[in-house]
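A.B. asks: Mind looking over this structure? Questions follow.
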Amino acid sequence: MLKQRIMTALILLPIALCGFFLLDGGAFALFIGLVVTLGGWEWARLAGFEAQPARVAFAAVVAAALFFLYLSPALAPFVLAAALIWWGVATYLVLTFPGTSEHWASVACKLLIGLLILLPAWQGLVLIKAQGQGNWLILAVMVLVWAADIGAYFSGRAFGKRKLAPQVSPGKSWAGFYGGMAVSLVITLVVGQVRQWGFGETLLCLVGAAIVVALSVVGDLTESMFKRRAGIKDSSNLLPGHGGILDRIDSLTAAIPVFAVLLWAANWSAL
């Protein structure tokens, strides 16, 4: 398993880095669109579709929706607004699982939720990429999420007794959440010192980072909730040793649109 994970990472990492940081415009949108469309194919399974034709059909719907959004940039604010509403609802659903799971048990509802998760993630990345510091901003949100994951892993293993959401993901603890949050905020502080931010700007960035990290955890738990409901361990086996694409980007699907909205709200970038 470890060898499989390493081989997959060695193959995919250069592809991902080149796609994220070397492509621009339509090529970047297409690259991210391919990843999101594959995520749609995986989500159809979480929604209850086992047959390949149905899963491919939903992936095609995702691809068509992405193309429509690419041709209709004026819809971007509405897509991001829908994401904010959804992740607020998702937080409630995670905290109340499994008691409220019947509210989203229908296939139609789960497919709609899939669109609310996947489309804003693509939209957020496309908007961020279009900025003058787009590559650095994309790197920033990824570092926040990855640092939180690493911090949560080690602090959770060392101190994780009180469970964060035992009905959804028994392995996650409050100690892990706090540890991951602390690591991300320390990194934000270090960046602020290097870039010589003032007190107000530093405080604003710390609040923004905390919101992004907290929602990234909700993104992770949301996919876990749907997998638990579907009775499956991984979203697919597309990435040997790593599970599926959704298993790798679940935190980012929540963090990216929230990050994009915060950038716009704080006027850090002309989204």
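Every read-out reported here was derived from the displayed coordinates using simple, explicitly stated rules and does not represent laboratory data. Predicted, not measured: the structure shown is a model, and the values here were computed from it. Cβ sites come from the backbone with ideal geometry, for glycine too, and all protein chains shown count toward neighbours.
A.B. asks: I'd like the FRET efficiency for ILE11 and GLU201, computed as 1/(1 + (r/R0)^6) with the beta carbon distance as r and R0 of 41 Å, rounded to 0.05.
C.D. replies: Step by step, r from the Cβ atoms, then E = 0.55.
A.B. asks: Also, I was wondering about something else. Give the separation of the Cα centroids, the range 81-128 to the range 12-43, in Å.
C.D. replies: So the two Cα centres are separated by 21 Å.
A.B. asks: Subtracting the Cα-Cα distance from 0.36 nm times the residue separation, let me have the gained length for ALA27 to VAL56 in nm, one decimal. Mind showing how you got there, number by number?
C.D. replies: Details: separation 29, 0.36 × 29 = 10.44 nm, distance 2.26 nm.
Difference between extended and current length: 8.2 nm.
A.B. asks: How do THR222, THR100 line up, fewest other C-beta atoms within 10 Å first? Intermediate values should be presented prior to the final figure.
C.D. replies: Values: THR222 26, THR100 14.
Result, fewest neighbours first: THR100, THR222.
A.B. asks: Compare ILE128, ILE85, ILE150 in a GNM of the chain, Cα atoms joined below 10 Å, and give the one with the largest fluctuation.
C.D. replies: Taking springs between Cα atoms under 10 Å, the residue moving most is ILE85.
A.B. asks: Once you have a ≥ b ≥ c as the square roots of the Cα gyration tensor eigenvalues for the range 2-265, tell me rounded if a/c is under 1.5, and otherwise prolate or oblate according to whether a/b is larger than b/c. Let's see the in-between values first.
C.D. replies: Values: a/c = 1.42, a/b = 1.12, b/c = 1.27.
It is rounded, given that a/c, with a ≥ b ≥ c, falls under 1.5.
A.B. asks: Then there's this: Taking neighbour Cβ counts within 10 Å as the exposure measure, how do TRP104, TRP41 sort from fewest upward?
C.D. replies: Values: TRP104 18, TRP41 24.
The most exposed by this proxy come first: TRP104, TRP41.
A.B. asks: Using a Gaussian network model on the chain with a 10 Å cutoff between Cα atoms, which of LEU118, LEU12, LEU75 fluctuates the most?
C.D. replies: It is LEU12.
A.B. asks: Going by how many other Cβ atoms sit within 10 Å of their own, how do THR91, THR188 line up, fewest first? Kindly include the intermediate steps, with their values, before the conclusion.
C.D. replies: On the way: THR91 17, THR188 24.
Placing the least packed residue first, the sequence is THR91, THR188.
A.B. asks: Ignoring the sites themselves, what is the longest stretch of the chain with no trypsin sites (Lys or Arg not before Pro) in a DSSP loop and at most 16 other beta-carbon atoms within 10 Å? Present the calculation step by step, with values, prior to reporting the outcome.
C.D. replies: On the way: sites that count: LYS161, ARG162, ARG195, LYS233.
Looking at the chain, 1-160 is the longest stretch - no exposed trypsin sites (Lys or Arg not before Pro) with at most 16 other Cβ atoms within 10 Å.
A.B. asks: Residue by residue, what Karplus-based ³J(HN,Hα) values in Hz, rounded to whole numbers, does the range 167-175 have, using 6.51, -1.76 and 1.60 with θ = phi - 60° and x for Gly and Pro?
C.D. replies: Whole-Hz 3J(HN,Hα) from phi for the range 167-175: 6, 9, 9, x, x, 8, 10, 5, 4.
A.B. asks: Next question. Normalised by the residues of the chain, what does the relative contact order come to in percent, with Cα pairs under 8 Å and at least six apart?
C.D. replies: Details: 336 pairs, mean separation 64.7, N = 271.
Relative CO of the chain lands at 24 percent.
A.B. asks: Something else: Summing -39500 (n - 2.57) over the DSSP H runs of n ≥ 4 in the chain and dividing by its residue number, what mean residue ellipticity at 222 nm do you reach, to the nearest 500 deg cm²/dmol?
C.D. replies: Details: 9 runs with 206 residues, N = 271.
Roughly -26500 deg cm²/dmol at 222 nm, from the helical runs in the chain.
A.B. asks: Using a 7 Å offset from the Cα along the Cα-to-Cβ direction at both ASP234 and GLN133, what is the distance between the two label points in nm, to one decimal?
C.D. replies: Label-label distance for ASP234 and GLN133, simple model: 3.8 nm.
A.B. asks: Quick one: how many lysine pairs does the range 2-265 have with C-alpha atoms less than 28 Å apart and a gap of 8 or more or different chains? Give me the count, please.
C.D. replies: Total qualifying Lys-Lys pairs in the range 2-265 comes to 15.
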